[in-house]
Each structure stands twice: as C-alpha cells, then as structure tokens.
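Input: a single structure, listed below in structure tokens.
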Amino acid sequence: MNRPVNLFVPPWAACLPTNGCENLTRPGDLAILASMYQRFEIPTAPAPPLHPVPNKFLPVVRRPGLAWMLLREAFHYRFQRDVLLSRPCIYGVFSGPVGGFLPRTQLCVGCMRCVQEYPDVCQVFVDERWKALGDSYFTPDSISTLNYEATTGKIMVKGVGYKGPFAGEGFDGLWTDMSEIVRPTRDGIYGREYISTAVELGRKPTHVDPRAETVAAEEPVLELQVPFLFDLLPDACRGNGAEAAAIAAAARVRSLCLLPWRGLACAPIRRAEEAVVVPVVAACEAVEAARFLAGKAFPAIEWTDAAPADLPRLRSALPGSVPLLRVPLGSGTSAEVRALAAAGAGAFHVTADYHGRTADGSFVKDALLKLHDSLVEAGLREQVTLVASGGIVRAEHVPKAILCGADLVALDTAVWVAQGAALRGEFTRAGRRALDFPPLPPAWGAQRIVNFCAAWRDQLLEILSAMGLREVRRLRGELGRAMSYEDLEKEAFGDLERSA
C-alpha cells in the first residue's frame with residue numbers, strides 16, 4: 001500500500017523538534033505538534049524615553065489664587081483632611097508633593113475638569129513645544145501616539161474621543177468597514193481564537209505536483225510573523241546604535257532589517273544576527289557583493305536598479321537567499337514590475353518618499369491600488385510579493401496599505417522617531433538633513449521598537465477580528481472591506497451641478 005503524501009506541512013512545524021515528529025502521517029502526530037505549538041506574541045516591557053517628549057496639554061496654575069482658595073476652603077471645611085487633600089484631576093496632574101503649585105504636566109490629557117471647576121485658578125493650553133514636533137505629514141499627534149506605544153507597548157486610548165476630521169488626504173481618505181462582524185474571530189486579540197499575522201516573502205509556487213511529497217518553489221520563500229520589516233536608515237544617522245537596535249528588534253518580533261552591504265563590510269555583525277539582516281546591493285555591484293556575502297546566512301538580498309536581463313545573474317549570485325527587488329513607485333512602475341515578474345522575479349519592494357508621495361506626485365495608497373490591479377490583470381498577483389514603504393507612520397496605515405494591495409510594509413521614520421529621533425523641518429527623503437538622531441543604547445532602542453510593534457500588531461488584530469478575518473493574508477487587496485471617501489463623495493454628490 002502506498003504511503004499517504006503530505007502536500008502541506010504547517011510553516012511552524014519546521015521550528016519544532018524533529019524527534020518523533022518526522023513522519024506526520026502516523027496517528028497522533030498532529031496531536032503531538034498541537035501540544036508543542038505556542039501562539040506567537042510579542043513580549044513588551046516599559047521603556048521610557050531618554051529625553052522627555054513634550055505633552056500636548058500644558059496646565060497653568062495661578063499660584064496666588066490657588067493659595068487663597070486653599071486657605072479659604074480650609075476654614076470652610078473645618079480642616080477636614082480627606083476633603084482638603086482631594087484633587088480635581090483623576091489623572092494625577094495635581095497629586096505631586098506640592099499639589100497644584102507644581103503640576104505634573106506630562107499626565108494631563110486635556111479633560112478640562114480643572115478648568116470647569118476652578119476657571120479663575122487653572123487654565124490648560126496646547127504646549128508650543130508640542131506643536132513644533134514632527135512635520136506636515138508626521139504630525140505632533142502621530143508622534144505623541146507613537147511615543148506612548150514605544151514607551152508602554154500598549155494601545156493609546158483617549159477617553160475624550162476623537163476630535164479631528166473624519167476624512168483627509170492619503171490614508172485618511174480610506175476607511176475600514178467594520179459592518180461585517182463575524183463572532184468567532186471578534187475576540188481573537190484576547191486569546192479566544194488565534195488570528196495569524198504571518199506573511200510570506202518570495203515567489204509563490206504556481207502549481208502543486210500530486211506526485212511530490214512537498215511543494216517545490218521556484219526560489220526560497222520566507223515566513224515572517226508580522227507584516228512589516230525595518231527599512232534602511234539614512235547614511236548620516238548610521239553608527240549611533242540605531243542599526244544594532246533594529247537588528248535586535250527584528251530578531252525579537254521575527255521580522256527582517258534592511259542594511260547596506262558596504263556597511264556590513266565595514267562593521268561586521270554576529271553570525272546569529274545574519275538570520276534577520278537583508279543586505280541592500282546595487283545590481284551593478286553584484287559580483288563584488290557576492291564575494292563578501294558568500295557563505296553567510298542572509299535570508300534575503302535586496303537589489304536596486306535591476307533589469308529583467310540581470311535576474312539570472314542576481315539569482316545565481318546568492319542562490320540560497322530570496323531576491324527582493326527595490327523599485328521606486330511612479331508612473332511607469334506597473335509596467336516595470338510586470339516585466340520583472342514575467343522574467344521570474346518574485347518579491348518587490350516598492351518605495352515612496354517619507355510623506356508617501358511617489359515620483360509622479362501621487363500618494364502611495366493610489367499607486368499601490370494601480371500596481372495591484374495591473375498585476376491581477378496580468379495574472380501575476382498570486383505569484384509575487386509586494387513590500388510597500390513610505391508614509392507608514394501610524395498603526396492603521398499598515399492594514400490600509402495591505403488593503404490597497406501590499407503583502408507587507410517596510411517601516412522607516414516610525415522606527416527612528418520611536419528611538420528618539422526628532423524631525424527638523426520637512427523630512428521627505430533620506431538625503432535631506434532634517435533628522436536629528438542622537439546616539440542611543442541599542443538595548444533600549446530595541447525595546448522601544450518591540451513595544452510599538454506589539455501595539456501595532458494588536459491594533460491590526462483588532463481590525464482583522466472586526467472584519468472576521470483569521471489571517472492578515474486575506475486582507476490583501478480586499479477593497480470590499482474598505483470605503484474610499486473620494487468614491488463615496490462621487491457617489492453621493494457626483495450628479496449635482498455646481499451653482500453659480
């Protein structure tokens with residue numbers, strides 16, 4: 001009797017000990033694997049910022065008025081200790097050693113209770129230092145939220161509600177549709193049911209041979225436990241500990257970190273770190289880079305300026321690594337990616353600037369939609385992997401980019417700001433010196449990255465659970481679960497004539 005053929009083995013099975021589990025066809029093997037399986041999660045720990053980040057709200061107290069009020073109330077309430085020591089702030093702004101005479105401004109959330117109860121004693125303003133954070137795209141609100149996530153590893157919840165506009169440019173014009181709620185996955189974030197955030201990087205197999213015991217892929221395929229990796233650091237900011245922190249964080253969240261190959265030649269990394277590092281190499285330097293990278297365990301290589309004719313040479317240079325092609329987004333990106341994919345390329349890193357703008361001035365959201373549709377029409381979408389970068393600065397930008405057609409995203413400015421970098425002016429490209437990045441301890445920087453990655457993954461799980469999706473891969477290109485403000489506006493008001 002022929003032995004049954006296994007056409008699929010769970011990706012996590014490769015991480016388990018092989019003693020007693022080599023042959024999955026025997027009775028009880030799946031039970032053994034299930035008992036050894038552990039749910040993926042990202043452990044967090046507090047990591048306060050090295051340099052204080054200005055709080056949005058600045059409470060200002062008139063100290064003479066406060067002293068007179070306290071004296072008056074002391075006689076009015078007959079020196080009752082419990083009454084006199086009560087504070088008009090549940091967040092502890094006035095609960096310091098000297099109370100309201102030295103408010104703890106970093107705790108203020110702008111609830112305005114103190115202003116309502118004591119308008120002649122206390123006022124709350126928006127701190128001018130907070131207004132100076134970030135630039136026109138990476139706004140002070142985004143930086144404050146990211147700092148909280150990197151410090152605590154938790155999702156920021158504001159009791160005062162959202163006070164901003166409900167639509168805007170870029171990702172703010174795309175809304176996730178939560179109307180299709182499916183109960184089994186609704187509480188997946190809390191452990192009732194597992195929701196997978198794993199994605200694959202590489203060219204997928206186009207068919208399955210029923211006579212084979214395994215699925216043969218055309219090239220190696222990597223599985224990442226989170227749908228994001230860490231992009232290149234600007235040249236002017238290298239050597240301050242940020243790269244070492246990103247490598248350590250990538251290992252802890254089971255992701256990848258992009259680094260220039262010449263930097264690796266100048267500052268070699270440990271053998272254990274090679275498993276999460278992706279060298280970035282120009283296609284014209286393939287021969288020179290292959291000599292240096294040969295024999296090393298890099299999981300993938302990112303090639304820049306590659307043409308279809310270069311693919312056989314690049315694939316043979318490092319056959320054990322996934323080739324990832326870096327392509328700037330622009331008007332001709334769809335045709336270029338289609339040509340490279342038809343020639344055998346399987347993974348693409350499509351890039352925009354740090355504000356999400358492409359070479360032709362469009363936003364990364366619209367460019368991804370166009371590229372995704374182009375690959376679908378060519379019958380190539382299921383084979384290739386798209387990594388998108390540029391303009392990803394908030395947790396909701398990750399699922400929105402995937403909705404527009406990306407398989408995963410590469411994070412840039414969010415990683416650096418989480419490690420204490422400050423934007424000085426409009427920071428759109430790596431060549432501009434608008435990023436102030438002081439030296440940092442790598443262990444502290446790694447914990448900050450891990451914390452905000454955990455918070456972003458939790459928010460991704462919330463969206464997936466509300467949509468009834470059990471894995472992030474099903475979210476790719478699922479525009480039926482999103483609403484575009486532009487489309488809704490045209491649908492509602494497109495047939496109305498403009499009045500004179």
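The values are calculated or read from the model by the stated rules, or taken from the named source; none is laboratory data. Please read all numbers here as calculations on a predicted model, not as lab measurements. Using ideal geometry, Cβ is built from the backbone for each residue, glycine included, and neighbour counts are taken over all protein chains shown.
Couple of notes before you dig in:
- Qualifying residue in region 107-126 (condition: of a type in the set (Ser, Thr, Tyr) and either at positive phi or in contact with a His (Cβ under 8 Å, 6 or more places away or on another chain) (or both)): no
- Leading residue by the ranking (surrounded by the most Cβ atoms within 10 Å (Cβ to Cβ)) among those in region 266-321 that are part of a helix (DSSP H, G or I) and of a type in the set (Val, Ile, Thr): 276
- Taking the criterion of being basic (Lys, Arg), closer than 23 Å to residue 200 by Cα and in a helix (DSSP H, G or I), the only residue of region 242-265 that qualifies is 252.
- The lone exception for residue 53 - which of (1) in contact with a Ser or Thr (Cβ under 9 Å, 6 or more places away or on another chain); (2) assigned to a strand (DSSP E or B) it fails: (2)
- Only one of the listed residues (208, 215, 160, 182) is outside the structural domain of residue 407 (by TED's automatic domain parsing) and modelled with pLDDT under 90. That residue is 160.
- Residue in region 358-379 that is crowded, with 24+ Cβ neighbours inside 10 Å, modelled with pLDDT of 95 or more, assigned by TED's automatic domain parsing to the domain that holds residue 333 and within 13 Å of the chain's Cα centre (by Cα) present: no
- Residue match in region 290-310 (condition: farther than 25 Å from residue 353 by Cβ and touching a Ser or Thr at 6+ places or on another chain (Cβ under 7 Å)): yes
- Test: residue in region 412-421 that is at pLDDT below 95, surrounded by fewer than 20 Cβ atoms within 10 Å (Cβ to Cβ) and out of contact with any Gly (no Cβ under 8 Å at 6 or more places or on another chain): no
- Residue tally, condition surrounded by 19 or more Cβ atoms within 10 Å (Cβ to Cβ) and either under 23 Å from the mean Cα position of the chain (by Cα) or part of a loop (DSSP other than H, G, I, E, B) (or both), over region 119-129: 1
Conditions tested, residue by residue: (1) assigned to a helix (DSSP H, G or I); (2) within 41 Å of the chain's Cα centre (by Cα); (3) under 30 Å from residue 394 (Cα atoms); (4) without any contact (Cβ under 8 Å) to a residue 12 or more places away in the chain.
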position: 60; (1), (2), (3), (4): no, yes, no, no
position: 72; (1), (2), (3), (4): yes, no, no, yes
position: 96; (1), (2), (3), (4): no, yes, no, yes
position: 100; (1), (2), (3), (4): yes, yes, no, no
position: 115; (1), (2), (3), (4): yes, yes, no, yes
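- Region 220-249 - residue that is among the hydrophobic types (A, V, I, L, M, F, W, C) and in contact with a Phe, Trp or Tyr (Cβ under 6 Å, 6 or more places away or on another chain) and, of those, modelled with the highest pLDDT: 246
- Residues of region 380-390 classified as of a type outside the set (A, V, I, L, M) and under 16 Å from the mean Cα position of the chain (by Cα), total: 2
- Qualifying residue in region 487-495 (condition: within 27 Å of residue 202 (Cβ to Cβ), free of Cβ contacts under 8 Å to residues at least 60 places away in the same chain and part of a helix (DSSP H, G or I)): no
- Qualifying position, being touching a residue at least 24 places away in the same chain (Cβ under 8 Å), among the small types (Gly, Ala, Ser) and surrounded by fewer than 16 Cβ atoms within 10 Å (Cβ to Cβ), among 443, 455: 443
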